[in-house]
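We did not get these values from a lab; they are worked out from the coordinates using the rules stated. It should be emphasised that the depicted structure is a prediction, and the values quoted were computed from it without experimental measurement. A quick note on method: Cβ atoms are made from the backbone with ideal geometry, for glycine too, and the neighbour counts reach across all protein chains shown.
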Amino acid sequence: MMRAVLLAWLLLGIGPAQAQPRIVTDLSDRRINIEYSFDGADLLLFGAIDSGGARLEKPLDVVVVVRGPEAPVTVRRKEKVAGIWMNTESVRFQTSPSFYRLISTRPLEDFASPQTLAIYELGVDQLHFSPDSAGSQSGADIRAFRNGFVRIREQLGLFGEAGDGVTLQSDVLFRAELRVPSRVPIGNYEAEVYLFSNGKVTARTTVPLVIQKSGFERFLYTWAHTEPFGYGLVAVLIAAVAGWGAASLFQRKA
Amino acid sequence: MQVYLPIAEMSVNALLIVGLGGIVGFLSGMFGVGGGFLTTPLLIFYGIPPAVAVASAANQITGSSVSGVLSHWQRGGVDVRMGMVLIAGGVTGSLIGAAIFAQLKAMGQIDLLISLSYVIFLGVIGTLMLIESVRAIMRARRGVQRPRRRRHNSLAYRLPLKMEFRKSKLYISALVPFGLGVGVGILTAVMGVGGGFIMLPAMIYLIGMPANVVVGTSLLQIIFTTGTVTILHAIGSKSVDILLAMLLLVGGVIGAQFGARAAQKLPGEQLRVLLGVLVVSVALKLLFDLLVEPRELFTLFEETAR
């Protein structure tokens with residue numbers, strides 16, 4: 001649905017000339033399965049620019065954004081209370097992406113205006129986190145919580161901006177590589193690709209990405225969440241049987 | 001070899017975890033304590049979320065306790081009647097402890113509670129161990145053989161609900177073992193420990209049980225209490241990671257067998273000093289982490305309900 005709207009918008013926006021530039025893209029893996037030996041994944045995103053007969057103003061830039069599912073997050077801050085560092089204040093962000101990696105041919109500020117970045121929500125600073133108004137913190141304080149949130153995500157490799165990650169060949173072919181860490185949230189992701197022509201967005205496309213547990217891992221996770229009592233009981237029984245087995249094994253040896 | 005843990009949602013070095021279980025199992029085989037009080041902090045140091053560490057360590061302790069209780073059973077070293085009363089207390093305590101755990105998790109203070117509990121208990125127990133084992137060494141050097149007298153706590157005789165415990169040759173109030181069980185149950189649920197290091201001295205000095213049934217009976221209690229805690233945590237915070245528990249168990253049961261054998265060959269008192277030093281060091285490290293400004297002041301709590 002969104003793609004149809006986008007396409008219609010593109011068609012209308014380009015004007016009377018029939019030439020419509022477009023950008024097409026795909027991923028090396030549209031589905032990342034987390035299995036028993038998962039230690040992260042290397043994702044390759046690639047595609048091509050089709051000027052559609054139009055004359056594209058140089059320079060051309062490509063921006064790739066991989067976004068993960070949104071989920072509410074509570075950020076807590078530690079303070080020294082009676083000599084001990086403990087959690088005191090917290091801010092709840094209602095909509096925060098669990099994964100946000102931006103890669104581009106050049107650093108964003110080199111070719112795009114702040115207004116353009118704001119319109120398309122490009123860059124970590126442009127993201128809307130929707131803090132809960134229940135807290136009594138000031139705007140500057142909420143900023144500190146937001147920065148802490150982003151910093152933690154960056155250290156885990158879940159957030160990041162790389163101003164040189166996309167290589168563009170002959171103004172036609174582009175590719176970008178992304179390292180997905182092992183501690184990655186599960187769900188539906190989207191990779192958005194933007195074509196910038198002299199600092200203006202001229203084409204745009206998206207490709208979906210699914211990251212999910214599969215096989216035995218998924219089975220265990222689902223089981224633990226849908227039938228917790230049975231899961232717990234079996235966990236206990238397995239441990240008991242394993243302990244029994246180990247004891248008798250060693251006794252027979254001795 | 002990396003293994004992805006589905007509940008902890010991170011990949012760990014499987015050999016390291018097995019090794020960790022092995023070391024703790026070795027210590028437990030040698031000294032007769034569950035070793036859980038070392039497993040949980042070590043897992044947390046490694047980076048496993050505390051709630052998952054507590055729940056999965058409890059699961060592992062069930063297994064290693066089953067492994068240990070069998071040899072005691074064969075030697076007639078388990079007082080089942082006393083064990084039942086202890087278990088009744090343990091199950092009650094686990095329910096209370098699991099409720100406390102869930103409440104603090106929602107308040108975002110569960111890490112603090114776990115750390116503080118460990119600092120206090122490890123600090124106290126470790127210091128007592130050090131004092132006791134240093135005294136034992138000095139006594140052995142002087143050649144004084146102090147006869148081990150069973151000190152009876154009169155409290156156990158004064159309280160109501162007396163029951164006869166034939167194996168332990170006691171006729172005391174059942175409230176004392178029940179109360180002990182409750183206390184240990186709460187600790188198991190909150191800290192992921194077996195509780196042996198509290199139960200052993202309490203059984204000897206508070207209840208007055210003979211030394212030959214103490215270890216076996218406490219293992220029986222630990223089995224059922226940790227089992228209950230595992231199920232409660234699985235239902236409540238969904239933090240039991242079977243894979244993690246299994247990795248620890250493999251290392252643990254193998255290590256325990258080696259530890260039990262090593263105990264016969266190596267000097268006991270010196271090793272008890274080392275264990276006391278180890279326990280106090282872990283307590284000090286946890287205390288240090290609480291008192292020193294952390295590198296990252298912020299923590300995230302995700303509310304994903306996938």
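Here are some notes:
- Burial ordering of A:LYS78, B:LYS285, fewest other beta-carbon atoms within 10 Å first: B:LYS285, A:LYS78
- Prolate/oblate/rounded label for segment A:142-211 (Cα gyration tensor, a/c 1.5): prolate
- Cβ-based exposure ranking for A:LYS213, A:LYS80, B:LYS162, in which fewest neighbours within 10 Å come first: A:LYS80, B:LYS162, A:LYS213
- GNM flexibility winner over chain B from B:GLY236, B:GLY123, B:GLY21 (Cα, springs under 10 Å): B:GLY236
- Spatially proximal lysines relative to B:LYS238 (Cα-Cα < 21 Å; intrachain offsets below 8 disregarded): A:LYS213, B:LYS105
- Think of segment B:170-306 as a dipole: +1 on every Lys or Arg Cβ, -1 on every Asp or Glu Cβ, centred on the Cα centre; then among B:LEU175, B:GLY259, B:LEU291, B:GLY259 lies furthest on the positive end.
- Relative contact order, percent, chain B [alpha-carbon distance under 8 Å, six or more residues apart]: 39
- Amide H contacts under 5 Å for B:ILE172: B:MET163, B:PHE165, restricted to partners 5 or more places along the chain or on a different chain, H placed in the peptide plane at 1.01 Å from N.
- Each 10 Å bin, from zero up to the one with the longest distance, holds this percent of the alpha carbon pairs of chain B: 6, 27, 35, 23, 8, 2, 0.
- Both radii come from the Cα set of the protein assembly as shown: Rg as radius of gyration, Rh as Kirkwood radius; their ratio Rg/Rh reads 1.10.
- A Förster radius of 41 Å combined with the Cβ-Cβ distance from B:LEU271 to A:ARG218 puts the calculated FRET efficiency at roughly 0.35.
- With helices as the sole contributors, chain A gives -9500 deg cm²/dmol at 222 nm; each DSSP H run of n ≥ 4 counts as -39500 (n - 2.57), and the sum is divided by every residue.
- Amide hydrogen neighbours beyond the local backbone of B:GLY192, cut-off 5 Å, H modeled: none
- Cα-centre dipole for chain B with unit charges at Cβ (Lys and Arg positive, Asp and Glu negative), debye to 20: 1860
- Here's how it looks for A:ALA203: its modeled amide H is under 5 Å from those of A:LEU195, which are all 5 or more places away or on a different chain.
- Potential lengthening between A:ARG55 and A:GLN115 on full extension [0.36 nm per residue; Cα-Cα distance subtracted]: 19.2 nm
- Rounded to 10°, Cα long-axis angle of helix B:268-291 versus longest principal axis of chain B: 40
- Among B:PRO50, B:PRO41, B:PRO160, the residue with the largest mean-square fluctuation in a Gaussian network model of chain B, with springs joining Cα atoms closer than 10 Å, is B:PRO160.
- Start at zero, step by 5 Å, and the Cα-Cα distances of segment B:1-131 spread as 2, 8, 14, 20, 20, 18, 11, 5, 2, 0 percent across the bins.
- In terms of surrounding Cβ atoms within a 10 Å radius of their Cβ, A:VAL81, A:VAL166, B:VAL91, B:VAL229 rank from fewest to most as A:VAL81, B:VAL91, A:VAL166, B:VAL229.
- DSSP beta bridges fully contained in chain A are about 85 percent antiparallel.
- Cα convex hull volume per residue for chain A (Å³): 218
- Where N is the number of residues in segment A:53-188, Cα Rg divided by 2.2 N^0.38 Å: 1.28
- Rounded to the nearest 20, the size of the Cβ-charge dipole of chain A about its Cα centre is 600 debye, with Lys and Arg at +1 and Asp and Glu at -1.
- A Förster radius of 45 Å, combined with the Cβ-Cβ distance separating B:VAL134 from A:GLU35, puts the computed FRET efficiency at roughly 0.30.
- Across segment A:39-56, coupling constants 3J(HN,Hα) worked out from phi with the 6.51/-1.76/1.60 Karplus curve, θ = phi - 60°, read 9, x, 9, 9, 9, 10, 10, 9, x, 9, 9, 10, 6, x, x, 6, 8, 8 Hz, and Gly and Pro carry x.
- Ellipticity estimate at 222 nm from DSSP helix runs (n ≥ 4, -39,500 (n - 2.57)) divided over chain B, nearest 500: -24500 deg cm²/dmol
- Placing +1 on the Cβ of every Lys and Arg and -1 on the Cβ of every Asp and Glu, with nothing else charged, gives the protein assembly as shown a dipole about its Cα centre of roughly 3380 debye.
- Antiparallel %, DSSP beta bridges [both residues in the protein assembly as shown], to 5: 90
- Reach of B:LYS285 by Cα under 17 Å, taken over aspartates and glutamates that are not fewer than 8 positions away in the same chain: B:ASP111, B:GLU293
- Cross-link partners of A:LYS58 among lysines, defined as those whose alpha carbon lies under 27 angstrom from its own and excluding same-chain residues fewer than eight positions apart: A:LYS200.
- Note on segment A:180-254: the C-alpha convex hull projects to 8.9 nm² when averaged across all orientations.
- Taking B:ASN212, B:ASN59, B:ASN13 in turn, the Gaussian network model of chain B (Cα-Cα springs below 10 Å) assigns the largest fluctuation to B:ASN13.
- The string of couplings for segment A:183-194 from the Karplus curve (6.51, -1.76, 1.60, θ = phi - 60°) is 8, 9, x, 8, x, 8, 10, 9, 9, 9, 10, 10 Hz, one whole number per residue in order, with x for Gly and Pro.
- For segment B:9-20, 3J(HN,Hα) per residue [Karplus equation, 6.51 cos²θ - 1.76 cosθ + 1.60, θ = phi - 60°, Hz, x = Gly/Pro]: 6, 7, 9, 10, 7, 4, 5, 5, 5, 4, x, 4
- Extreme residue, positive dipole direction of the protein assembly as shown, given options B:GLY236, A:GLY139, A:GLY47 (C-beta unit charges): B:GLY236
- Counting only other chain Cβ atoms within 10 Å of each residue's Cβ, the peptide B:238-250 averages 4.
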